[in-house]
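Here the structure is laid out as structure tokens; the discussion comes afterwards.
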Amino acid sequence: MYIINIMNKKTLLILLSALLIISCDESANLQTQNNISCENISASKELTEKEYHVLINKGTEIPFTGDLLNIKEEGLYVCRICNTPLFKSEDKFNSGTGWPSFDDAITENIKLLRDGGRVEVVCAKCGGHMGHVFYGEGFTDKETRYCINSVSLNFVNKFTNENSEK
């Protein structure tokens, strides 16, 4: 009985060691993925505290405070980190929610990720957090609302090619 108990302890110890090694490998992979995003950020520019909070820490700006909320000009909305085009002005609408809303995106440039009961929108190139997408709310015929933080975007005017970047 004593020998069996020792064997079970050794087996348990081996299993726990293997699990620890596997989880360390997983953590190393996650850290590497995060470093890639950080390299993209430092290569492009410095972010303000507010931009970092939203784009990197997946925060949310206070509603009705964003610089891009009421822009009506024609142009493109691009990622603040890497300038990848994400939304077109013709897809923007006033949802009354306090954040810029779009009923379509440049889909090859965004990635949708499960975020609990919601769907997160991130830039496909750099991974910066944009906001969330909601379906079936009835705001437009497309039944889609990309609810995006102003601080995650820059606006490039179609006619002047001016970028809202500060």
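Within the set 152, 95, 101, the sole residue that is of a type in the set (Ser, Thr, Tyr), within 20 Å of residue 70 (Cβ to Cβ), open to solvent by less than 50 Å² (accessible area, probe 1.4 Å) and over 19 Å from the mean Cα position of the chain (by Cα) turns out to be 95.
Quick check, is residue 57 loosely packed, with under 15 Cβ neighbours inside 10 Å and touching a Leu at 6+ places or on another chain (Cβ under 9 Å)? Here the answer is no, as residue 57 does not meet what is asked. Would you be able to say whether some residue in segment 119-137 is touching a Pro at 6+ places or on another chain (Cβ under 9 Å) and open to solvent by less than 30 Å² (accessible area, probe 1.4 Å)? Checked segment 119-137: at least one residue is touching a Pro at 6+ places or on another chain (Cβ under 9 Å) and open to solvent by less than 30 Å² (accessible area, probe 1.4 Å). Look through segment 145-166, keep the residues that are of a type in the set (S, T, N, Q) and touching a strand residue (DSSP E or B) at 6+ places or on another chain (Cβ under 6 Å), and return whichever of them is modelled with the lowest pLDDT. The extreme case among them is 164. Among residues of segment 80-100 that are on the phi > 0 side of the Ramachandran plot, those with a Cβ under 9 angstrom from a residue that is in a helix (DSSP H, G or I), sequence gap 6+ or separate chain, pair up as 83/44. Against the numbered list (1) over 14 Å from the mean Cα position of the chain (by Cα); (2) surrounded by 15 or more Cβ atoms within 10 Å (Cβ to Cβ), residue 159 comes up short only at (2). Whenever a residue of segment 117-140 is in a strand (DSSP E or B), its partners that are of a type in the set (Phe, Trp, Tyr) and open to solvent by less than 40 Å² (accessible area, probe 1.4 Å), lying with C-beta atoms within less than 8 angstrom and at least six residues away or across chains, give the pairs 121/146; 130/146; 131/146; 132/146; 133/146.
The values are calculated or read from the model by the stated rules, or taken from the named source; none is laboratory data. Keep in mind it's a predicted model, so treat the numbers as computed, not measured. Because the Cβ atoms are built from the backbone with ideal geometry, glycine has one as well, and the counts that use them run over all protein chains shown. Ligands, DNA and RNA are excluded from the accessible area calculation, which covers all protein heavy atoms including side chains. Shrake-Rupley method; radii C 1.70, N 1.55, O 1.52, S 1.80 Å.
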